[in-house]
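*Asks:* Dumping the structure here so I can ask a few things about it.
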Amino acid sequence: LQMAAAVAAIANDGVMMRPHIVAERISSDGNSVLIAQTPIGQPISAEAAQTLTELMARAMETRMKQATVPGYRIAGKSGTAQIPVSGVYDPDDIIASFVGFGPLPDPQVLILVKLDRPAIDPLLRWGSQTAAPLFQRIAARLFVLLQIPPTE
């Protein structure tokens, strides 16, 4: 949740919002209450957030084709981390991740894919090889389900 909130601040011009899972509550009598979007700070400037967004988008377009969704401009970043065990890093166990948001320039969704100890060929276990393609499949489906029109 912290990682998603941090990346969401980048997508939101540097403004960090209070994370929440539910956007709206509907009572048994059918009345609905929208959950308030509450800013809780600005960890980076709007200019820095826009620059970082552009860098993340260009990296996807040039180096992360496996995470892109045709017709949509997306910003994203992969990650791979060894898992600490008894004070040292395990050479075999990793966490692979990919986080992205889009479509640009007005992001509507943020998706974080985190795979603990992916059971895959050790040479192909990087976040860019495991989590990024899963991100792509989820994003492509969400854009259709949410009826978000292509940006490109």
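The values are calculated or read from the model by the stated rules, or taken from the named source; none is laboratory data. For clarity, every value in this text was computed on a predicted model and none was experimentally measured. So basically every Cβ, Gly included, is an ideal-geometry build from the backbone, and we count neighbours across all protein chains shown. All accessible areas refer to the heavy atoms of the entire protein, side chains included, with ligands and DNA or RNA removed. Shrake-Rupley method; radii C 1.70, N 1.55, O 1.52, S 1.80 Å.
*Asks:* Suppose we filter GLY14, GLY87, GLY30, GLY79 for residues that are open to solvent by less than 30 Å² (accessible area, probe 1.4 Å) and either more than 18 Å from GLN129 (Cβ to Cβ) or at pLDDT 95 or above (or both); which single one remains?
*Replies:* Working: GLY87 fails: open to solvent by less than 30 Å² (accessible area, probe 1.4 Å); GLY30 fails: open to solvent by less than 30 Å² (accessible area, probe 1.4 Å); GLY79 fails: either more than 18 Å from GLN129 (Cβ to Cβ) or at pLDDT 95 or above (or both).
Only one candidate qualifies: GLY14.
*Asks:* Being under 20 Å from ALA6 (Cβ atoms), of a type in the set (A, V, I, L, M) and free of Cβ contacts under 8 Å to residues at least 40 places away in the same chain narrows it down to one residue among LEU115, LEU104; which is it?
*Replies:* After applying the criteria, what remains is LEU115.
*Asks:* Within segment 90-107, count every residue that is surrounded by 17 or more Cβ atoms within 10 Å (Cβ to Cβ) and not in a strand (DSSP E or B).
*Replies:* Counting residues in segment 90-107 that are surrounded by 17 or more Cβ atoms within 10 Å (Cβ to Cβ) and not in a strand (DSSP E or B) gives 3.
*Asks:* In addition: Within segment 108-124, how many residues turn out to be surrounded by fewer than 18 Cβ atoms within 10 Å (Cβ to Cβ) and not in a strand (DSSP E or B)?
*Replies:* Counting residues in segment 108-124 that are surrounded by fewer than 18 Cβ atoms within 10 Å (Cβ to Cβ) and not in a strand (DSSP E or B) gives 8.
*Asks:* Quick test for you: out of THR62, THR53, THR68, THR38, pick the one residue that is modelled with pLDDT of 90 or more, β-branched (Val, Ile, Thr), loosely packed, with under 11 Cβ neighbours inside 10 Å and within 26 Å of ARG137 (Cβ to Cβ).
*Replies:* THR62
*Asks:* Another one. Considering only segment 127-140, state which residues are touching a residue at least 24 places away in the same chain (Cβ under 8 Å), surrounded by fewer than 17 Cβ atoms within 10 Å (Cβ to Cβ) and either under 15 Å from ALA81 (Cβ atoms) or not hydrophobic (A, V, I, L, M, F, W, C) (or both).
*Replies:* Within segment 127-140, PRO133 is the sole residue that qualifies.
*Asks:* Could you tell me which residue of segment 141-152 is farthest from VAL85 (Cα to Cα), considering only residues that are in contact (Cβ under 8 Å) with a residue 12 or more places away in the chain and not in a loop (DSSP other than H, G, I, E, B)?
*Replies:* Within segment 141-152, the match that is farthest from VAL85 (Cα to Cα) is PHE143.
*Asks:* Among (1) over 20 Å from ASP106 (Cα atoms); (2) among the acidic types (Asp, Glu); (3) in contact with a Ser or Thr (Cβ under 8 Å, 6 or more places away or on another chain), where does GLU61 come up short?
*Replies:* The number of the failed condition is (1).
*Asks:* Please report, ordered by residue number, the strands (runs of 3 or more DSSP E) entirely within segment 1-77 with at least 1 residues that are of a type in the set (S, T, N, Q).
*Replies:* Of the strands (runs of 3 or more DSSP E) lying wholly inside segment 1-77, those with at least 1 residues that are of a type in the set (S, T, N, Q) span 32-34.
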